[in-house]
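First the structure, in the form of structure tokens, and then the observations on it.
The values are calculated or read from the model by the stated rules, or taken from the named source; none is laboratory data. In this text the structure is predicted, and so the values were computed from the model without any measurement. Methodologically, a virtual Cβ is constructed for each residue, glycine included, from the backbone with ideal geometry; neighbour enumeration extends over all protein chains shown. Remember, those area values only see protein heavy atoms, side chains included, never the ligands or the DNA or RNA. Shrake-Rupley method; radii C 1.70, N 1.55, O 1.52, S 1.80 Å.
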Amino acid sequence: MAVKNDFSRGSVAGNILRLAVPLMLAQLVNVLYNVVDRIFIGHIGGSALPLTGVGLCMPVITVISAFSGLFGMGGAPICGVARGRGDIQEAEQVQNTSFVLLVGCGLLLTVLGEVFLTPILTLFGASADTMPYAAGYLRIYLLGTVFVMISLGMNYFINTQGFAGTGMLTVAIGAVLNLILDPVFIFGFDMGVPGAALATILSQAVSAAWALWFLFSRRAILRLRPRAFRWDGGRVRRITALGLSNFIALGTNGVVQIACNATLQSFGGDLYVGVMTVLTAIREVVQMPLSGLTNGAQPVMSFNYGASQWERVKKAIRFMTVGGIVYATACWAVLFFFPAPFVLLFNDEPALVQAAIPALHLYFFGYFMMSLQFAGQAIFVALGKSHQAIFFSLFRKIIIVVPLTLLLPRLFGLGVTGVFLAEAVSNFVGGTACFVTMYLTLYRKLGKT
């Protein structure tokens, strides 16, 4: 199996697609966890308030995913490079260290979230009308934090070993179960919004159990071994340093969501917070194949970089970049010309639909430039260039999006329009800066030093 998953052999594009296609499917079903919740919740009682309430929980869910990526995406490329140079023992030690970090962090986040739940939601823009829905969802969701951390974080290690099909099943099992349980708990047991949260954490628990079963079994190239569950400061620092870029990328998504919700609440009220919830859900769906492509390319780039196969690294970069641009451009065109079906999927309240369509046009304008941000970030992370990856994670969100989100609504009477326009501007500036820097400082120098 180790020979079969040797990415220095065969077609580079073939290796990427062999990982990327199952990963795209895995990303699709992973998105279903929260998107399906929002679809069902958006049709409770003919009101947008439950949907808006759950939307206010998204920054917390994003932060939990960010910590999963901190230790999952931080450790997986290090495993890939170590495996590429034949150091299986070190690769396995990194995997076990990451597992300990994921479980410990998950327990800590559960406690902190439950203790500070109300102040957090108030900070995020919850009103008296939306607080009951937001608190009802988040209080239950937080109880499954460890399951989320394990299923998301350890799945990176399954994929980096080349078992993309198994990685897809890790997510698919839980997502299908969530799809079944959502209507049962929400409508059948009349639990409403809390029922959606309960369905999600039960489904994540099953996904986590599947991932652990595989990684403890003899089928895995790199196994989880209890005797290796130890703290090693050097490995922790390397994992955290490399994963920090992904953590910042996802964590700053949470910061952006907070800034957007608070500003929209101020300028447009609950209606526009609901609009942003819908747009965020649509973005998660259309972004899924792009994320699957870049995640599928990362193990191939990491392995060949560790094996000093420079031309194969370059081929992987070119294939991933061109594929991402083509896909993102097609997405932008579809959303621009056919926005209504995407909005109606989540809520059919006339006022929300009327407000959401022009907002969607602005929010996704220039979305094809986002593919360059994805490509540049994936390359930096795959090749272990943590400092550059961290900088560009911060640059787009903290330096561009957040200031523009807070400033533009106050200029020229833009109001809520300024919030949605900030995302479009960041696509162009952030995507260009990240990819051009990667090309000049990394791609052109591969194999020359």
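Counting 0.36 nm for each residue step from residue 143 to residue 357 and taking away their Cα separation leaves a gain of 73.5 nm.
To the nearest 0.05, what FRET efficiency results for residue 116 and residue 88 with a Förster distance of 35 Å applied to their C-beta separation? FRET efficiency, residue 116 to residue 88: 0.25. Loop-located chymotrypsin sites (Phe, Trp or Tyr not before Pro) in the stretch 190-291 (DSSP state not H, G, I, E or B) with no more than 13 neighbouring Cβ atoms inside 10 Å: 229, 231. Apolar share of the accessible surface for the stretch 333-449: 74 percent from carbon plus sulfur atoms, 1.4 Å probe. Think of it as helices only: each DSSP H run of n ≥ 4 in the chain is worth -39500 (n - 2.57), and spread over all residues that comes to -26000 deg cm²/dmol at 222 nm. Compared with the dominant principal axis of the Cα atoms in the chain, helix 270-306 is inclined by about 0°. Helix 193-216 and the long axis of the chain differ in direction by around 0°, with both axes built from C-alpha atoms. Compared with the dominant Cα axis of the chain, that is its longest principal axis, helix 416-441 is turned about 10°. Quantify, in whole percent, the carbon and sulfur part of the accessible surface of the stretch 185-248 (1.4 Å probe; protein heavy atoms only). Of all accessible area on the stretch 185-248, carbon and sulfur atoms account for 63 percent.
Subtracting the Cα-Cα distance of residue 202 and residue 241 from 0.36 nm times their residue separation leaves 10.9 nm of extension gain.
Fully extending the segment from residue 225 to residue 262, taken as 0.36 nm per residue of separation minus the present Cα-Cα distance, adds 8.8 nm.
Within the accessible area of the stretch 67-170, what % is carbon and sulfur when the probe is 1.4 Å and the other protein chains stay in place? Accessible surface attributable to carbon and sulfur in the stretch 67-170 totals 72 percent. If you compute percent of Cα pairs over 36 Å apart for the structure shown, which of (i) 27; (ii) 35; (iii) 23 do you land on? The calculated read-out lines up with (iii). When 230, 410 are compared by accessible surface with a 1.4 Å probe, the order from highest to lowest is 410, 230. Placing dummy labels 7 Å off each Cα toward the beta-carbon, the span from residue 428 to residue 414 is 1.2 nm.
Roll a 1.4 Å probe over the protein chains and send me the accessible area per residue for the chain in Å².
Working: 16720 Å² over 449 residues.
Per-residue value: 37 Å².
The stretch 391-449 and the stretch 77-114 have Cα centres separated by 30 Å.
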